[in-house]
Amino acid sequence: MKTNEIILLSFHQISSFKFLISIFYIWNIFTLVQSSLPHVVKIGGLFENGDESVELAFRDAIEKINEEAILPNTRLEAVIEKLERCDSFQASKRVCSLLHDGVAAVFGPQSVETSAHVQSTCDALHVPHMEMRWDFKFDPPSNHSINLFPHPLALGNAFRDLIKLKNWKSFAILYEENEALVRMQEILKDPSLREKRIVVRQFPVGSGEYRTTFKELHKLAIKNIIVDVPQEHIYNVLKHAQQVDMLSDYHNYFFTSLDLHTVDLEEFQYVGANISGFSLVDLNSKDFGQILNKLQRDSNTRYNWNGGIVGDSFDSMVRLQYTIFSLNYANFFFVAPLCLQTYTYELKQTETALVYDAVRLFAQTLFEIEKNGATIHQNFQQDDVSCEKEKPWRFGSTISNYMRNVRNKIHDVIEVNGLTGPIKFDETGSRIDFKLLLLELTREGLKHFGDWTPGEKVTFMSNYTKAMTEIYRDTLKNKTLTVVTILGEPYCMEAEDDNRTGNDRFEGYCVDLIKEIAQILEFKYVIKVVEDGVYGKRNERGEWNGMIKELIEGKADIAVADLTITYEREAAVDFTMPFMSLGIGILYKRHKKDPPKLFSFMSPLAMDVWVYLITSFLGVTLFLFFVARFSPYEWVNPHPCVKEPHELKNNFSMKNTLWFTIGCLMQQGCDIMPRSLSTRVLAASWWFFILILVSSYTANLAAFLTVERMVNPIESAEDLSKQTKIPYGCLKSGSTEAFFRNSNFSTYARMWSFMESYRPSVFVESNKKGVDRVEKGDYAYLMESTSIEYIVERKCDLYQVGSLLDSKGYGIATPPDSQYRSIISDAILKLQEEGKLHMLKNRWWSGKGKCGGKKETQKVSGSASELGLANVGGVFVVLAAGSIIAIIICIGEFIWKMENIPRSEREHICIELLREIKYVICCYGNTRPIRKVSDMNPARHLIIQAGNGLPFLPMNSYQEMNNKNNYS
Ligand code: ASP
């Protein structure tokens with residue numbers, strides 16, 4: 001640490017000093033009559049052995065006040081009494097002696113034991129008592145006591161706010177003196193902090209031995225420590241921590257002493273541990289600079305302070321050195337230095353700064369009183385004040401109230417800016433509106449990174465995050481980190497080449513990833529495989545295994561693997577931002593292709609369609625047969641050359657009709673064709689039916705032949721959970737197991753209870769074993785989608801069933817509260833933005849895959865399904881409609897024929913119709929003789945068709961008609 005010294009030599013040029021004193025007394029006599037304040041105001045100081053620096057600061061402050069002439073007509077005079085440490089009896093006597101001397105205020109002493117007595121005496125006699133020490137009493141101090149040290153509650157709140165902000169997962173409180181627990185009360189009481197793991201230990205009292213406690217913390221893997229020891233022990237505490245390896249990069253220390261900045265921390269600047277603390281004294285403040293400038297100007301000192309120049313650094317040492325006569329402090333300024341002794345004090349020490357401020361506050365108060373009050377002089381007389389008479393000082397309360405800002409409407413609020421910032425009190429005498437500076441040790445020394453104020457709590461400097469990032473990056477540079485990982489494709493695999501050494505022994509996505517990150521952050525690393533071969537699971541006792549354990553125990557600095565970020569793990573270690581997203585999927589084996597079935601040609605149509613088809617075929621045949629027989633136009637002359645045939649023939653015999661319908665069905669056609677409109681309508685309906693059905697059949701058959709027919713026994717996790725035939729499991733001690741174990745969702749909970757109870761165990765030691773088991777068949781493996789993706793690219797008989805069960809990410813894990821988490825996250829973000837993460841994924845996933853097209857087949861499968869009645873029902877309707885139309889036309893044809901025959905030559909049309917139907921139904925053969933009219937009516941030659949009810953026609957008429965209707 002750079003040391004700049006101010007050397008202030010008092011008692012120089014004694015002769016000129018005596019001359020000044022003479023002038024000073026003459027001036028006193030002159031001004032006494034005019035000033036409302038007495039010419040000399042004595043102020044008492046009670047200091048214990050060992051408090052020399054406080055005493056010196058007190059003297060110095062008075063001297064400066066007098067030199068600055070804050071009270072133009074009044075001079076302050078120090079009356080000092082020395083005490084043995086903690087001697088309360090002596091303290092009572094000395095305070096009485098001071099009061100007897102007529103002091104207007106008593107400053108000190110600093111120890112709890114003595115100050116309590118002094119306080120009660122001052123309170124009884126209404127003499128202001130100025131204190132500059134931490135007081136464990138939470139109650140408001142007595143009416144005449146003013147303590148410049150922050151109230152214990154406010155200080156406790158500051159500690160609590162900072163610890164909450166640090167958000168440590170676990171921490172220890174180490175303390176030396178019992179009263180430290182009072183300071184820690186707010187931390188211990190806070191409900192949000194109570195959830196954390198807090199270890200409280202007291203260092204062995206008075207031994208100066210801190211190592212044992214640190215060793216214990218080492219075993220407990222606690223890395224965050226709040227240390228409450230006096231300023232003079234801080235160095236040793238850090239030294240001992242260093243000796244037991246408790247000052248690594250992952251350790252965080254917070255010192256409750258407000259004097260951390262006065263300790264020489266140079267040795268610990270490079271250890272890596274984060275060391276922080278609060279300071280009440282702001283070395284960089286304007287006031288501090290001004291006061292020091294005055295010291296420089298006004299004193300005969302060697303002043304070499306550069307606090308104002310170095311910005312936010314707290315390295316500058318402000319040391320004031322006095323050479324004094326060690327035996328007679330009371331006559332400090334007046335006695336020739338016969339026995340000289342050198343004392344130094346540091347102005348930046350809280351105690352000394354507070355004494356300075358206390359004297360300044362007192363002087364400022366007197367100035368304000370003088371400004372506002374006219375009758376002070378009378379009241380200021382202290383003749384009667386003494387311990388024996390127990391008569392209070394009349395003016396004491398006025399001073400106390402002024403200082404406490406008790407507004408009695410006659411005076412303004414007194415505001416003094418001192419070395420410890422603005423000095424203000426509330427009505428109870430507790431200091432308000434003070435500011436604590438948050439300091440952190442960096443490679444350049446302690447730096448000011450933020451402030452705590454009672455109102456705003458902790459606020460960081462605007463550049464805090466950036467500055468910290470820079471610091472962490474610097475610390476990480478050229479460091480060698482131990483990277484723990486786990487073997488598993490394609491994240492980290494052992495290289496095939498046995499000659500490789502070091503990190504080159506491994507290859508894979510994670511190996512490349514850490515290489516890229518190390519390049520960005522410029523650190524070195526050594527890859528090691530996790531000892532127990534698992535990712536990390538917490539047991540019932542809260543202990544971790546796997547990579548998580550190695551991080552907690554400090555065996556590794558980071559874990560780079562396919563390590564899933566989970567809530568449970570996040571509570572134990574820190575994760576960077578995710579570098580890959582995934583979810584749990586089901587890996588299962590494809591069903592072997594079904595052996596082709598003998599009657600697979602039937603597959604395109606559903607069985608009921610086949611049945612309907614055959615029924616339709618038979619139905620249409622019969623129907624056509626009858627219609628053809630009924631229709632008169634289907635009866636033709638079998639021998640067209642014979643002009644007068646004896647019989648007529650119908651081509652649609654049963655056999656022919658069958659042949660016709662089947663020929664049409666097979667799309668082969670037939671040599672017999674319908675002649676009448678009715679049979680043609682029916683035939684057209686049948687052709688239409690066949691056209692649609694055959695087309696549909698052909699199309700579906702093509703699909704059936706090209707598509708691999710798959711019958712998947714499971715389609716989703718729901719399917720899995722509902723069956724017990726196919727066992728399913730997951731990786732042991734991983735996040736997938738934890739997912740099912742902790743799930744409240746009924747399907748997953750059911751799956752977990754199945755997995756837990758199934759024998760032999762369905763849990764596997766590694767993903768590889770899980771995949772092997774799936775390959776053997778009859779086992780579904782619950783695996784992370786990224787790994788499934790990789791596997792199905794390479795093992796074409798495996799595939800992912802259904803969709804993902806959840807969504808999460810892989811992250812790089814660091815030990816709890818590690819400084820490096822954020823900078824590694826930044827590096828991952830950079831890689832992501834540059835597209836390198838994507839490139840890496842491509843390199844290790846699809847680069848070496850061999851069954852990319854298989855997935856598509858899987859998708860298409862099942863899309864070819866047999867055609868049911870629902871698909872082709874329409875054509876049956878068309879066929880039925882055609883048939884009905886055919887009947888109607890057929891009857892129409894018959895009636896039309898009848899209408900052409902004179903009524904006298906035929907019977908009633910209905911009788912003829914019934915007769916014809918009877919003839920058709922009786923199936924008398926496909927020829928019918930032509931009967932002469934004489935058979936019926938001998939007078940006329942008529943043609944009669946036996947039994948068909950056709951009218952009797954003369955032969956030539958019939959001939960004529962037959963020729964006309966020759967459709968063929
Ligand atoms: N990646 C997982 C883990 O971090 C492993 C698994 O459970 O599948 O635990």
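Looking at the range 666-681, which of its residues are within 22 Å of Ile887 (Cα to Cα), open to solvent by 70 Å² or more (accessible area, probe 1.4 Å) and assigned to a loop (DSSP other than H, G, I, E, B)? The answer is Met673, and nothing else. If you check every pair at least six apart or on different chains, which have Cβ atoms under 6 Å apart with a residue in the range 673-695 that is over 10 Å from Glu634 (Cβ atoms) first and a residue that is open to solvent by 60 Å² or more (accessible area, probe 1.4 Å) second? Qualifying pairs under 6 Å: Val681/Ile885.
Which of the residues belonging to the range 620-665 are among the small types (Gly, Ala, Ser), part of a helix (DSSP H, G or I) and surrounded by fewer than 22 Cβ atoms within 10 Å (Cβ to Cβ)?
Gly663
Counting only strands (runs of 3 or more DSSP E) that sit wholly inside the range 158-253, those with at least 3 residues that are surrounded by fewer than 18 Cβ atoms within 10 Å (Cβ to Cβ) are 197-202.
Pairs are defined by a Cβ separation below 7 Å, a sequence spacing of at least 6 or placement on different chains, a first member in the range 234-255 that is in contact (Cβ under 8 Å) with a residue 60 or more places away in the chain, and a second member that is of a type in the set (S, T, N, Q) and not in a loop (DSSP other than H, G, I, E, B); the pairs so defined are Asp249/Thr475; Asn252/Asn224; Asn252/Asn274; Phe254/Ser276.
Can you tell me how many residues within the range 590-627 are more than 30 Å from Arg675 (Cβ to Cβ) and touching a residue at least 24 places away in the same chain (Cβ under 8 Å)?
12
Okay, residues lined up against (1) over 30 Å from Thr213 (Cα atoms); (2) of a type in the set (A, V, I, L, M); (3) at pLDDT below 90:
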| position | (1), (2), (3) |
| --- | --- |
| His100 | yes, no, yes |
| Val106 | yes, yes, no |
| Ala116 | yes, yes, yes |
| Asp123 | yes, no, yes |
| Trp134 | no, no, yes |
| Lys137 | no, no, yes |
| Pro141 | yes, no, yes |
| Glu177 | no, no, no |
| Met184 | no, yes, no |
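Against the test of being more than 30 Å from the chain's Cα centre (by Cα), polar (S, T, N, Q) and modelled with pLDDT under 95, the options Ser192, Ser207 yield a single qualifying residue, Ser207.
Consider the range 524-576 and keep the residues that are at pLDDT 95 or above, more than 13 Å from the ligand (Cβ to nearest atom) and β-branched (Val, Ile, Thr). The one that is surrounded by the most Cβ atoms within 10 Å (Cβ to Cβ) is Ile558. Cβ-Cβ contacts under 8 Å between residues 6 or more apart (or on different chains), taken from a first residue in the range 730-742 that is over 14 Å from Val764 (Cα atoms) to a second residue that is open to solvent by less than 10 Å² (accessible area, probe 1.4 Å) and within 7 Å of the ligand (Cβ to nearest atom), are listed as Phe740/Cys730.
Remark: Glu715 matches the filter, which requires a residue to be under 14 Å from Tyr781 (Cα atoms), modelled with pLDDT under 95 and open to solvent by 10 Å² or more (accessible area, probe 1.4 Å). For residues that are modelled with pLDDT under 90 and in contact with a strand residue (DSSP E or B) (Cβ under 6 Å, 6 or more places away or on another chain), scanning just the range 460-503, find the one that is nearest to Ala556 (Cα to Cα). For the range 460-503, the residue satisfying everything is Ile471. Note on the range 910-930: residues that are free of Cβ contacts under 8 Å to residues at least 40 places away in the same chain, among the basic types (Lys, Arg) and open to solvent by less than 30 Å² (accessible area, probe 1.4 Å) total 0. In this structure, is Pro128 farther than 17 Å from Ser400 by Cβ, buried (at least 22 other Cβ atoms within 10 Å of the Cβ) and in contact (Cβ under 8 Å) with a residue 60 or more places away in the chain? Spelling it out, it is not the case that Pro128 is farther than 17 Å from Ser400 by Cβ, buried (at least 22 other Cβ atoms within 10 Å of the Cβ) and in contact (Cβ under 8 Å) with a residue 60 or more places away in the chain. Residues of the range 82-95 being open to solvent by 40 Å² or more (accessible area, probe 1.4 Å) and either of a type in the set (Lys, Arg) or touching a Lys or Arg at 6+ places or on another chain (Cβ under 8 Å) (or both), which ones? Those that are open to solvent by 40 Å² or more (accessible area, probe 1.4 Å) and either of a type in the set (Lys, Arg) or touching a Lys or Arg at 6+ places or on another chain (Cβ under 8 Å) (or both): Lys82, Arg85, Lys93, Arg94. Hey, any hits in the range 472-486 for a residue that's part of a helix (DSSP H, G or I), surrounded by fewer than 20 Cβ atoms within 10 Å (Cβ to Cβ) and of a type outside the set (Ser, Thr, Tyr)? For the range 472-486, residues part of a helix (DSSP H, G or I), surrounded by fewer than 20 Cβ atoms within 10 Å (Cβ to Cβ) and of a type outside the set (Ser, Thr, Tyr): present.
Highlighted here are the helices (runs of 4 or more DSSP H) found entirely within the range 725-812 that include at least 2 residues which are within 29 Å of the chain's Cα centre (by Cα) and more than 10 Å from the ligand (Cβ to nearest atom): 735-742, 746-757, 785-794. Within the option set Leu720, Leu665, being farther than 28 Å from Val872 by Cα, more than 16 Å from the ligand (Cβ to nearest atom) and of a type outside the set (Lys, Arg) holds for one residue only, Leu720. If the condition is being closer than 21 Å to Asn417 by Cα and assigned to a loop (DSSP other than H, G, I, E, B), then the range 75-107 contributes only Ala105. Consider Ser825 carefully, then state whether it is open to solvent by 10 Å² or more (accessible area, probe 1.4 Å) and either within 16 Å of the ligand (Cβ to nearest atom) or at positive phi (or both). Taking the combined requirement at face value, the residue does not satisfy it.
The residue of the range 492-517 that is farthest from Tyr820 (Cα to Cα), among those that are crowded, with 20+ Cβ neighbours inside 10 Å and of a type in the set (A, V, I, L, M), is Val511. The residues listed here are Gln269, Gln243, Gln231; of these, the one that is of a type in the set (S, T, N, Q) and more than 26 Å from Phe460 (Cβ to Cβ) is Gln243. Residues of the range 885-905 that are of a type outside the set (A, V, I, L, M, F, W, C) and open to solvent by 30 Å² or more (accessible area, probe 1.4 Å): Gly892, Glu899, Asn900, Pro902, Arg903, Ser904. For the range 753-800, the tally of residues that are open to solvent by 20 Å² or more (accessible area, probe 1.4 Å), among the polar types (S, T, N, Q) and in contact (Cβ under 8 Å) with a residue 24 or more places away in the chain stands at 4.
If we keep just the residues of the range 32-72 that are among the β-branched types (Val, Ile, Thr) and assigned to a loop (DSSP other than H, G, I, E, B), which is nearest to Arg94 (Cα to Cα)?
Result: Ile70.
From the residues in the range 365-406 that are farther than 27 Å from Ser120 by Cβ and in a loop (DSSP other than H, G, I, E, B), which one is modelled with the lowest pLDDT? Ranking the qualifying residues of the range 365-406, first place goes to Ala374.
The values are calculated or read from the model by the stated rules, or taken from the named source; none is laboratory data. Source: prediction; values computed, not measured. Methodologically, a virtual Cβ is constructed for each residue, glycine included, from the backbone with ideal geometry; neighbour enumeration extends over all protein chains shown. For the accessible areas, the whole protein counts, side chains as well, though only heavy atoms, and no ligand, DNA or RNA atoms are used. Shrake-Rupley method; radii C 1.70, N 1.55, O 1.52, S 1.80 Å.
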